[in-house]
Amino acid sequence: AQSVTQPDIHITVSEGASLELRCNYSYGATPYLFWYVQSPGQGLQLLLKYFSGDTLVQGIKGFEAEFKRSQSSFNLRKPSVHWSDAAEYFCAVGEKNTGFQKLVFGTGTRLLVSP
Amino acid sequence: EAGVTQFPSHSVIEKGQTVTLRCDPISGHDNLYWYRRVMGKEIKFLLHFVKESKQDESGMPNNRFLAERTGGTYSTLKVQPAELEDSGVYFCASRGLGARQPQHFGDGTRLSIL
């Protein structure tokens with residue numbers, strides 16, 4: 001079965017600093033990869049997705065992620081964090097044996113932004 | 001375009017009672033999913049509908065959970081009788097046709113069992 005690891009439970013970043021959230025997955029072939037964000041009191045919002053092609057994908061709110069097959073990683077980055085980015089971030093992979101229908105999520109990383 | 005809507009946003013019930021959660025997907029989305037996040041754990045898949053048919057219910061924890069999608073529009077998830085371990089946030093998502101369409105999630109229903 002596929003699995004997703006987000007090794008950092010909490011991360012604190014100063015406003016204006018750069019951000020990188022880590023995500024590693026276990027899957028034999030090229031997976032479908034996603035990053036979702038859950039702001040306080042909100043649902044899950046799709047930040048970006050990777051299916052194939054260019055390994056650097058751009059998302060909403062200034063986020064980007066890079067797919068690295070050799071490292072089985074799909075890390076999320078942002079060059080300058082804003083206070084409104086404080087939220088919980090989830091990496092997810094689509095399971096091929098379900099036609100990529102079923103998402104497997106990591107445990108999430110909670111981002112705190114300090115002034 | 002309206003997003004995925006879930007009702008209620010929060011439900012507090014006692015152990016042994018019945019609760020029904022509702023999800024209205026994005027109009028025209030044939031695929032509807034239910035997920036659950038228990039406190040401190042990852043978000044886990046429960047089941048997948050294609051129109052009114054259950055495509056995959058491998059994540060349903062036990063037979064106290066019943067999901068329906070009559071008419072292929074909105075879906076309900078009933079928990080009967082509720083147990084303490086059922087507490088968590090229940091998310092619904094919908095997706096349009098095409099394997100590369102992402103799932104769009106609702107705000108979730110926070111279920112608290114006392």
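Each value in this text was obtained by applying a stated rule to the coordinates, not by laboratory testing. Given the structure is predicted, the values throughout are model-derived calculations rather than measurements. Cβ atoms come from the backbone with ideal geometry, glycine included; neighbour counts cover every protein chain shown.
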Flagged in the range A:62-97 as aromatic (Phe, Trp, Tyr) and within 13 Å of residue A:22 (Cα to Cα), in numbering order, are A:67, A:74, A:89, A:90
When restricted to A:111, A:103, A:47, the only residue crowded, with 16+ Cβ neighbours inside 10 Å, more than 14 Å from chain B (Cβ to nearest Cβ), out of contact with any Cys (no Cβ under 7 Å at 6 or more places or on another chain) and touching a residue at least 12 places away in the same chain (Cβ under 8 Å) is A:111
Flagged in the range B:65-98 as away from chain A (no Cβ under 14 Å), touching an Asp or Glu at 6+ places or on another chain (Cβ under 7 Å) and not in a strand (DSSP E or B), in numbering order, are B:69, B:70, B:71, B:72, B:74
Result of the Cβ filter at 9 Å on the range B:62-78, keeping first residues that are free of Cβ contacts under 8 Å to residues at least 24 places away in the same chain and partners that are assigned to a helix (DSSP H, G or I) and surrounded by 15 or more Cβ atoms within 10 Å (Cβ to Cβ), at least 6 apart or interchain, is B:64/B:86; B:65/B:86
Of the candidates B:101, B:55, the one satisfying the condition of being within 30 Å of residue A:51 (Cα to Cα), in a strand (DSSP E or B) and within 14 Å of another protein chain (Cβ to nearest Cβ) is B:55
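How many residues are under 15 Å from the mean Cα position of the chain (by Cα) and not hydrophobic (A, V, I, L, M, F, W, C) when one looks only at the range A:1-17? Lay out the reasoning, then the answer.
The initial filter retains those residues of the range A:1-17 that are under 15 Å from the mean Cα position of the chain (by Cα), namely A:3-11.
With not hydrophobic (A, V, I, L, M, F, W, C) added as a condition, the list becomes A:3, A:5-8, A:10.
So the answer is 6.
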Within the range A:63-83, the count of residues that are more than 16 Å from residue A:32 (Cβ to Cβ), exposed (fewer than 14 other Cβ atoms within 10 Å of the Cβ) and either under 15 Å from the mean Cα position of the chain (by Cα) or in contact (Cβ under 8 Å) with a residue 24 or more places away in the chain (or both) comes to 5
